[in-house]
Amino acid sequence: MTKTALITGITGQDGSYLAELLLSKGYRVFGLRRRTSVPIMDNIEHIKNEIEFIEGDLLDLGSLIQAVRLSNPDEVYNLAAQSFVGTSWEQPVLTGQVTGIGVTNMLEAVRLTKPEAKFYQASSSEMFGKVVETPQKETTPFYPRSPYGVAKVYGHWITVNYRESFNMFACSGILFNHESPRRGVEFVTRKVTDAVARIKLGMQKELRMGNLDAKRDWGFAGDYVKAMYLMLQQEKPDDYVISTGEMHTVHELVEIAFGHVGLRWQDYVVIDPKFVRPAEVDLLLGDCTKAKNKLGWELEVGFEQLVTMMVESDLNRISKLKV
């Protein structure tokens with residue numbers, strides 16, 4: 001029998017890779033789409049005709065209830081959020097409403113309409129923030145350092161509460177940084193690869209950066225959505241850290257990206273205090289042992305391969321724009 005999934009945030013990086021994965025497994029895929037004047041479909045342009053779209057918003061419970069009724073899903077993947085840490089400092093209230101309260105709205109819609117559906121919540125390594133132990137695992141206490149991180153902690157714990165209070169199959173994936181050519185250009189990895197491509201093609205002269213010493217655990221989004229899927233195939237709901245277990249600095253990212261196109265990063269990178277966070281998260285490193293052992297999840301794309309893949313994609317895209 002064909003399984004059905006409802007994905008919020010389907011036009012984003014993770015939503016697009018997850019939709020591809022589920023379609024390849026024969027799922028009927030519904031996507032919740034927030035109305036915009038100009039539809040943002042770049043990430044799913046190649047599969048949009050295979051997706052059934054429902055208009056809705058995480059801040060509008062009625063629209064979410066309707067979305068669950070219409071899709072009648074076996075699985076719900078809540079990937080929608082205000083997902084950029086920098087913007088969360090500019091719009092802390094909106095971030096709290098969408099990234100935090102929005103999770104409650106989605107859980108309520110499922111509880112009231114299709115309580116037997118399996119639910120996935122996109123939690124974040126930013127919840128660990130000022131880390132109290134390294135590496136971070138499922139039992140590591142949270143210490144968020146941004147409105148985004150705080151909102152994600154709320155979303156995580158409300159998911160746990162619905163699981164324990166209403167016996168819902170509700171999981172959280174605590175995903176560490178995961179990137180791809182579909183990542184928004186405001187995120188540091190894509191900011192770097194986009195700039196490298198533009199500089200190589202003579203369309204930009206410099207790249208302004210903040211803290212090059214910040215350390216992150218970066219993986220490939222295409223690998224990480226497989227973990228989301230595997231979580232909802234288990235007999236019992238649980239929470240899992242999804243990471244590479246390797247840490248790299250922003251400096252390494254910059255060096256690999258510029259090196260891939262034969263340029264010295266020192267000739268183009270300018271440190272700008274404007275890009276330093278009010279409260280910096282110095283390092284994040286995940287321990288994904290539980291996910292590997294219980295889910296059988298495996299990584300396929302390494303850090304250097306990820307960075308060069310993104311540079312090549314941006315070179316290809318910007319070359320076409322230049323014509």
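Shown here: Rg/Rh (Cα atoms, Kirkwood Rh), derived from the displayed model; of the candidates (i) 1.04; (ii) 0.93; (iii) 0.96, it corresponds to (iii). Which aspartates and glutamates, if any, have their Cα less than 18 Å from the Cα of Lys290, not counting same-chain residues under 8 positions apart? Candidates past the 8-residue exclusion: Glu133, Glu138, Asp217, Asp223, Glu235, Asp238, Asp239, Glu246, Glu298, Glu300.
Dividing the radius of gyration of the alpha carbons in segment 151-284 by their Kirkwood radius gives 1.08 for Rg/Rh. Take the Cα of Thr134, step 7 Å toward its Cβ, do the same at Lys3, and the gap between the two points is 3.7 nm.
Under 16 Å from a label point set 7 Å out along the Cα-to-Cβ vector of Thr87, no amide N atom of segment 212-230 is found. The fraction of Cα-Cα pairs per 5 angstrom bin, counted from 0 for segment 172-237, comes to 4, 14, 19, 19, 15, 11, 8, 5, 3, 2, 1 percent, rounded to whole percents. What does the net charge come to around Met247 if you take all other residues with beta carbon closer than 9 Å to its beta carbon, with K and R at +1 and D and E at -1? Result for the local shell: 0. If R0 equals 25 Å, the separation of the Cβ atoms of Glu246 and Lys294 corresponds to a calculated FRET efficiency of about 0.75.
If R0 is taken as 25 Å, the Cβ-Cβ distance between Phe275 and Tyr143 corresponds to a FRET efficiency of 0.65.
Positive contributions from Lys and Arg (+1) and negative ones from Asp and Glu (-1), summed over other residues with Cβ under 12 Å from the Cβ of Pro39, come out at +1.
Stretching Thr36 away from Ser319 to a fully extended chain increases their span by 99.1 nm, per 0.36 nm per residue minus the current alpha-carbon distance. Which net charge results for the neighbourhood of Glu52, defined as the other residues with beta-carbon distances under 13 angstrom from its beta-carbon, given Lys and Arg at +1 and Asp and Glu at -1? Neighbourhood net charge equals +1. For the options Met247, Met203, Met127, a Gaussian network treatment of the chain with springs between C-alpha atoms closer than 10 Å singles out Met203 as fluctuating the most. Between the beta carbons of Lys236 and Leu70, assuming R0 = 35 Å, the FRET efficiency works out to 0.75 to the nearest 0.05. Taking every DSSP helix (H) stretch of at least 4 residues in the chain, weighting each as -39,500 (n - 2.57) and dividing the sum by the residue count yields a mean residue ellipticity at 222 nm of -11500 deg cm²/dmol. Taking a ≥ b ≥ c as the square roots of the eigenvalues of the Cα gyration tensor, segment 1-114 is classed as oblate, since a/c reaches at least 1.5 and a/b does not exceed b/c. Relative to the dominant Cα principal axis of the chain, helix 303-322 is inclined by about 80°. With distances taken between every two different alpha-carbon atoms, segment 56-178 has a Kirkwood hydrodynamic radius of 14.6 Å. Write out the trypsin sites (Lys or Arg not before Pro) in segment 1-106 meeting two conditions: DSSP loop, and at most 12 other Cβ atoms within 10 Å of their Cβ. Answer by residue number: Lys25, Arg35. Per residue, the convex hull spanned by the alpha carbons of segment 234-323 comes to 174 Å³.
Coordinate-derived values only; no laboratory data. Here the structure is a predicted model, which means the values were calculated and not measured. Reconstructed Cβ throughout: ideal geometry from the backbone, glycine too, with neighbour counts over all protein chains shown.
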